[in-house]
Amino acid sequence: MGMKYQGINLGNVKISNRSSILRLLNNNGAMSRKDISEAVGLTAASVTLITTELLEEGVIVELGEAEEEKRAGRKKILVDINHAYKNVLCIAIESDETFISVTNLGGTVKCHYSLFTDKDIEPEDFLQKITSKCKRILKENDIEMGTILGASVTVPGKVDRARGISLNTYNIWTREVRIADIISGELGLKVIVENNLKAYAQSEIYFGRGKSESEMLLLKWGPGVGAAIVSGQHIYRGANDMAAEIGHMTSGENRMCNCGRKGCLEAYVSTNAIVDDVLASIDKMPSLKKWVEAGNIVGSKNIQEWISIDDASLKAIIKEKVNRLAHNVRNAISLIDPNRVVLIGYMFDIPGVYDSFIEAYKQFDDRITDDFFVKSELSEGINHTEGLAVVLEELFF
C-alpha cells in the first residue's frame, strides 16, 4: 500500500508567512511591501493580502512614503510593527529581588515595580503576593487587562515551559511550583514560564546581537553563573532542556552547590562563593578589614564597592575566580564553536573585571579576535524586559 499523501495545511502556511513578515519587520524596521516580498520570497499579492489583514487588526501601521531618489512609478509606502498594539506583563523572579513591569511590544517600559523575593513563605503565597501587586500596578497606571497580550515569568534553574512549572530554582524554591496555573488563574492571562538565561537569549535574538549573529553563546556572571546557546537564531535546549548549564560543569571536588551536587563551577565563582572566600581570609586583608570595621559590609549585593580595595590577598582571590571561569568557558567554547560570546551580568560591569576575564581567557586561547567577546547592549533595564521576547515568540511572531 502506498504512502498516504498528507496535503499542505494552507492555514499553517498563512500563519508561517505572517510570522516571517513580522520577524522581518522586527529585524529590519520599516519596509515597503515590495521589499518585503523580495526578502521573504512571497508574491506581491500574498504580501499585500497579509499586510492588509495585519493593518486591519492594528498589528502593523503605515508610516508614509519611503525616502528615495525621484523616479517614475508608484511610491513605496513603508509599514512597520505597531509597538502600541498590545502590552506585555513581565515578571522576573530573582534570588533577592522580583521585578514586575509592563512594556509595549518594542520593549518600552510603561510602568515597573520591584519587591523582595520572600523565600521564607510558601511559593504559592509569594505568587499570590505578586499577582496582587500586578493588579494594583495595572489599575494605578490605567492599563486594561484586555490590552495585555500575555505574561512571562522568568526564574533561575530548571523549568517545564510546556506545563508552566518551575522544577527547581535552586536557591529560591527546591520543589515544583505551578507558576503558570497560579498567575493565570488570578489574572486571566496566558502565562509563559521560562528560565531567565533562555529568556535573555531570546531577547538577544529579537532585540540585540541575534538580529545579525546566528551562532552565539551567552554567558552571565552574577549572582550565579549561567549560559545559553543560540544556533541558527534559535535557542538550543538539549534533550532535557538543560543545555549550556555551564555553572554546573565540574570545576572542583568538594564544594557543595545549590543544585545538590559537589564541585560545580557556580559553587566556586558565584558572588556568594566570592564573599565566603573573602570573609574566610579577611584577617590577611588589612585594608578591607579596616573598611569593615568602619561599619561597612562585605556582601554580594555591594561587591562593586569593595572588590577593588587594595589588598594582595583579595586580588589573589578575585584573580583565581576569573581564571577558573575563563578555563571553564574555554572548554565550553571548544564544544559549541560560537562565532560570538555575549557577556552579561553585573560582575562583568565592575571596572576591571571584564578586561581581566579577557586576559585570563587568552592564556588558554590567544587566537581570538578582539570582537569575539562582547558585552550585551541590553543589560540596562533587562530585569524589566527579559520576559518580553518569550511572550513575543509564543504569542506574536
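Read-outs throughout are calculated quantities, based only on the coordinates presented, and are distinct from any laboratory measurement. The structure presented is a predicted model; accordingly, all values stated were derived computationally and were not measured. With ideal geometry, Cβ positions are generated from the backbone for all residues, glycine too; neighbour counts draw on all protein chains shown.
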| task | Rank-order 195-204, 159-168 by packing density, defined as the average count of other C-beta atoms within 10 Å over each peptide's residues, highest first. | result | 195-204, 159-168
| field | Proxy reagent accessibility, fewest Cβ within 10 Å first, across K129, K75 | value | K75, K129
| query | Can you give the convex hull volume of the alpha carbon atoms of the stretch 133-208 per residue, in Å³? | reply | 113 Å³
| the stretch 207-290: mean projected area of Cα convex hull, nm² | 8.0 nm²
| said: What would the Debye equation give as log₁₀ I(q)/I(0) for the stretch 109-157 at q = 0.23 Å⁻¹, counting only Cα atoms as equal point scatterers? | reply: -1.02
| remark: With no solvent term and unit scatterers on the alpha-carbon positions of the stretch 297-380, Debye gives log₁₀ I(q)/I(0) at q = 0.12, 0.19, 0.22 Å⁻¹ of -0.39, -0.92, -1.15
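How large is the Rg to Rh ratio of the stretch 13-125 when both quantities use alpha carbon positions and Rh follows Kirkwood?
1.19
Starting from the Cα coordinates of the stretch 210-375, work out the convex hull volume and express it per residue in Å³.
122 Å³
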| If you line up the Cα atoms of the stretch 140-296 on their principal axes, what length do they span on each, largest first, in Å? | 59, 41, 33
| request: Quick one, can you get me the convex hull of the C-alpha atoms of the stretch 76-120 expressed as volume per residue in Å³? | output: 63 Å³
| Of G352, S270, I368, farthest towards positive along the dipole that unit charges on Lys, Arg, Asp, Glu beta carbons give the stretch 210-375 | S270
| query | When the Cα centres of the stretch 334-397 and the stretch 250-271 are compared, how far apart do they sit, in Å? | reply | 22 Å
| note | Note to self, the chain gives a 222 nm [θ] from helices alone (DSSP H runs n ≥ 4, -39500 (n - 2.57) apiece, / all residues, nearest 500) of -11500 deg cm²/dmol
| task | Could you tell me which label, among (i) 21.2, 67; (ii) 23.1, 73; (iii) 23.9, 86, carries the value of Rg and Dmax of the Cα atoms in Å calculated for this structure? | result | (iii)
| What do you get for Rg/Rh of the stretch 62-155 when both radii come from the Cα atoms and Rh is the Kirkwood radius? | 1.25
| request: Tell me which residues come under 5 Å, amide H to amide H, from V193 once H is placed; ignore anything under 5 positions away on its chain. | output: V153, G164
